[in-house]
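Please read the structure below before turning to the comments.
The values are calculated or read from the model by the stated rules, or taken from the named source; none is laboratory data. These numbers come from a predicted model, not from an experiment. Backbone-built Cβ (ideal geometry, glycine too); neighbour counts: all protein chains shown. Surface areas here come from the heavy atoms of the whole protein model, side chains and all, with no ligands, DNA or RNA. Shrake-Rupley method; radii C 1.70, N 1.55, O 1.52, S 1.80 Å.
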Amino acid sequence: MNISILQKERYNYNPKLPQSLCGSVDDIDIETGIPTEAISDLAELRDIFKQTYGKPIITFAKDGEKKIENSNREIKVGVILSGGQAPGGHNVIAGLFDGLKKGNPASTLYGFKGGPSGLIENKTITLTNEIIDAYRNTGGFDIIGSGRTKIETPEQFAASLETAKKLGLDAIVVIGGDDSNTNAALLAEYFLNNGTSIQVIGCPKTIDGDLKNEHIETSFGFDTACKTYSELIGNLSRDTNSAKKYWHFIKLMGRSASHIALECALQTQPNVCLISEEIEEKAMSLNQIVDQICASIVKRASNGDNFGIVLIPEGLVEFIPDIKKLIGELNDTIAAQAQEFAAITNFIDQLYWLSSRISEPSYRIMQSLPPDIAQQFLMDRDPHGNVQVSRIETEKLLIGMAEKKLAAMKEQKQYSGKFSALAHFFGYEGRCAFPSNFDADYCYSLGYSAFVLIAAGLTGYLSSVKNLIAPASQWIAGGIPLTMMMNLEQRHGSKKPVIKKALVELNGKPFKTFAQNRDTWAEKTSFLVPGAIQYFGPSEVCDSTTVTLRLEHCL
């Protein structure tokens, strides 16, 4: 394998662990909390998860109430990388592998190739020291590959159980986001319902940052991705402040929440940053959003500054009330008559087909959108039957609308500046970056904690590491029941159990800090240029967490 100088050096990095996970596995004790409840739909979820609902929160300690029995037994585990890539996934597997081998050198770790489909189809690779060592502290999911297959049909569940039995697995670890870990919870329940003791443990992965609560302070990869995007935004900020002639409209990955956009705004101080959750709360229309952007453009032009930065969350359109209603109607209508709609290939015919099937206000919006944008609402659906929001070029839509409004203002002598805009989408650039020291440490700890949960005989849990603003030695490891994060949501036209996404809290310290400063940033050039991720040097630089995490802990 060809490797870069940085990759060679990263192989030598030894991730830090919480003190509770250091030393012999025999020394790790368990502290058990009180039974938990789901966040809503309690009765329905108790009925769906009869075997795994209501489990207690688990914390690992050196002086806890209960020892792990038979912790050094030989264990066979299968690991799955599920969904989109996130920096640090390789270290989760490395932490899991090292924990297994430390517990018993004869233990085995299988990697399911290509995501959940590898479990269904029994496509595996036995992970060895040589393989693991080639991927430590590196980005990507290429050690075994990932996939978005959902285990949802009776045949898929049965095939998964058959694979686990053939391999003699004691446990399966699912590394994924909210949907993947919902799948993990369903798999854990299925195994118990079918009389097996095969455990299922999840690990919280998503760069979007929307898999979080008081016990999951951040999902892995968020730190690295935001630092990567912020470096690029900072570079564009310096470039536009040098050339003084372009407005950069930058769409940032993060479909269902604006955590990435908010964190990048706190790191770079753009002129405008749209926060989807605020737009929804204020019931802002698309025109009002454009008004907000143009207000900054006009103010800056009056100061002679015909340049700037606008940050746009990927999922913005789903939070604009009238467009959200449109998307909901499209999702339900197309899901209910998928084959009939799929047979219509011409956009004009698709519009005509929709005219009698969605509400009149929603149909008017479809007609008002530029044809190339409107067509993006009708592209192939995602695995959940929803609009693929990442393919809707919101940044280009906003540029076009801003151009029209500014032209009208010019005619009315309300604006005399120059507006030249460039569109960007920062998404895939951040998903496989070399993990920051924080993510390298955090992911390794999550993987090692997953091993300890397995050694303790637990199932239906999500590996948890918290107190993340402290030095790694003071982090608190354990596990939380997957069911306590769940609610019921509409999917493919019916209610299904899912882990609820964590949105930006408008009364939280990160958003309030942003809101206190944005009026100044909108008018004055206040850009910050954070630079590249640092891997070597002072701990306060190399091990730093996100601004969001620091503010949430009031640091």
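Some observations on this one:
- Over the chain, relative contact order from alpha-carbon pairs under 8 Å, at least 6 apart, %: 24 percent
- Ranked packing of 150-157, 168-175, 535-542, 498-505, most packed first, by mean Cβ within 10 Å: 168-175, 498-505, 150-157, 535-542
- The stretch 211-296, accessible area per residue, ligands and nucleic acids excluded (1.4 Å, Å²): 28 Å²
- Using a probe of 1.4 angstrom and keeping all protein chains present, the accessible surface of the stretch 444-555 works out to 41 square angstrom per residue.
- Relative to the dominant Cα principal axis of the chain, helix 222-243 is inclined by about 30°.
- With respect to the chain, whose longest principal axis is taken over its alpha-carbon atoms, helix 89-103 is tilted by about 10°.
- Only protein atoms count toward the accessible area here, which uses a 1.4 Å probe; on the stretch 293-429, the carbon and sulfur part of that area reaches 50 percent.
- Label-point separation, Lys418 to Glu214 (7 Å along Cα→Cβ), nm: 5.6 nm
- Karplus-based coupling profile of the stretch 286-292, in residue order and whole Hz: 4, 5, 5, 5, 5, 4, 4, with θ = phi - 60° in 6.51 cos²θ - 1.76 cosθ + 1.60 and x standing for Gly or Pro.
- Accessible surface of the stretch 75-184 [probe 1.4 Å, protein heavy atoms]: carbon and sulfur percent: 48 percent
- Calculated FRET value between Glu360 and Glu340, using beta carbons and R₀ = 25 Å, to 0.05: 0.75
- Each Lys and Arg adds +1 at its Cβ and each Asp and Glu adds -1 at its Cβ; summed about the Cα centre, the chain shows a dipole of about 880 debye.
- Dipole magnitude of the stretch 233-379, debye to nearest 20 (Cβ charges: Lys/Arg +1, Asp/Glu -1, about Cα centre): 580 debye
- For mean projected area of the Cα convex hull in nm², calculated from these coordinates, the label among (1) 26.5; (2) 37.7; (3) 30.2: (1)
- Computed E for Glu44/Gln367 - FRET, C-beta separation, R0 35 angstrom, nearest 0.05: 0.35
- Mean residue ellipticity (222 nm) of the chain, computed from DSSP H runs ≥ 4 via -39,500 (n - 2.57), nearest 500: -12500 deg cm²/dmol
- Estimated vicinal HN-Hα couplings, Hz - the stretch 32-48 in sequence order (Karplus 6.51, -1.76, 1.60; Gly, Pro = x): 10, x, 7, x, 10, 10, 5, 6, 6, 6, 4, 4, 5, 6, 4, 6, 6
- C-alpha long axis of helix 259-268 to longest principal axis of the chain, angle in °: 70 degrees
- Probe 1.4 Å, accessible area per residue of the stretch 1-74, Å²: 61 Å²
- Taking every C-alpha pair closer than 8 Å and separated by at least 6 residues, the mean separation divided by the residue count of the stretch 185-265 gives a relative contact order of 28 percent.
- Per-pair calculated FRET efficiency, R0 = 22 Å: Lys496 and Asn193 via Cβ, rounded to 0.05: 0.80
- Projecting the Cα positions of Ile327, Phe426, Asn193 onto the charge dipole of the chain (unit charges on Cβ atoms of Lys, Arg, Asp and Glu, taken about the Cα centre) puts Phe426 furthest along the positive direction.
- Rounded Å value of the spacing that divides the Cα centres of the stretch 237-279 and the stretch 203-221: 21 Å
- Inter-centroid distance (Cα atoms) of the stretch 97-174 relative to the stretch 296-361, Å: 39 Å
- Paramagnetic reach from Thr32 (point 7 Å along Cα→Cβ, amide N under 14 Å) across the stretch 445-478: 456-459
- In the stretch 432-510, a dipole from Cβ-located charges (positive for Lys and Arg, negative for Asp and Glu) runs towards its positive end, and of Leu458, Phe438, Ala477 it is Leu458 whose Cα lies farthest in that direction.
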